[in-house]
Ligand code: ZN
């Protein structure tokens, strides 16, 4: 078990699409445990594998403020099945820690994938959990929440984002 480094905005790996998980190996189990630990330590409410430099298509999510393990969702090969009702809410990202902006997303979604034991899993998310699911699905497709802002908003953010770029 160990904490993983969360890649900052500007890192090219965040723009890569995650790859579907085939066999669920011991390495993937360790990755899941480390991702949960990293999410709690951040602290955050969701984390996608490519945020920690790993390519398997999986995310961890927990909307509970106290990280109640009963509310933890681990989903491998997740896909959005259905979404209902659009809502704009302010959103942030562990990879872009200084930016919070309103993003329109579904209020309720159904996602499908497999759990960490390879069993089919379908989860309905409402409100915050629905938002996390959509945010993490975007990560796994190489998208960030700022990509969903209007052009005008992105122009305003540009200089702020440039300051967050890692110095080389
Ligand atoms: Zn994020």
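Here are the numbers for the structure shown:
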| item | result |
| --- | --- |
| Cα coordinate range in the range 12-164, projected on the principal axes (Å, largest first) | 44, 32, 29 |
| The range 12-164: relative contact order in percent, alpha carbon pairs under 8 Å with at least 6 residues between | 24 |
| Relative contact order, percent, the range 1-89 [alpha-carbon distance under 8 Å, six or more residues apart] | 28 |
| Förster-model FRET efficiency, 35 Å R0, residue 141 and residue 72, C-beta, rounded to 0.05 | 0.95 |
| Neighbour-count ranking [beta-carbon atoms within 10 angstrom, fewest first] of 112, 119, 148 | 119, 112, 148 |
| Length-normalised contact order for the range 110-168 - Cα pairs under 8 Å, 6+ apart - percent | 17 |
| Within the chain, helix-based [θ] at 222 nm, where runs of 4 or more DSSP H residues each add -39,500 (n - 2.57), nearest 500 | -8500 deg cm²/dmol |
| Fewest-first sequence of 164, 25 by Cβ atoms within 10 Å of each Cβ | 25, 164 |
| Percent of Cα-Cα distances greater than 13 Å, calculated over the range 1-65 | 60 |
| Pairwise label distance in nanometres, residue 33 with residue 152, each label 7 Å out on the Cα-Cβ vector | 5.1 |
| Distance between modelled label sites at residue 124 and residue 163, nm, 7 Å Cα→Cβ extension | 4.4 |
| Backbone N under 14 Å from the residue 112 label point (7 Å along Cα→Cβ), restricted to the range 53-82 | 77-82 |
| Convex hull (Cα only) mean projected area of the range 78-127, reported in nm² to one decimal | 4.2 |
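Values in this text are rule-based calculations from the coordinates and carry no lab data. Predicted model only: the values in this text are computed from it and were never measured. We place every Cβ from the backbone using ideal geometry, glycine too, and count neighbours over all the protein chains shown.
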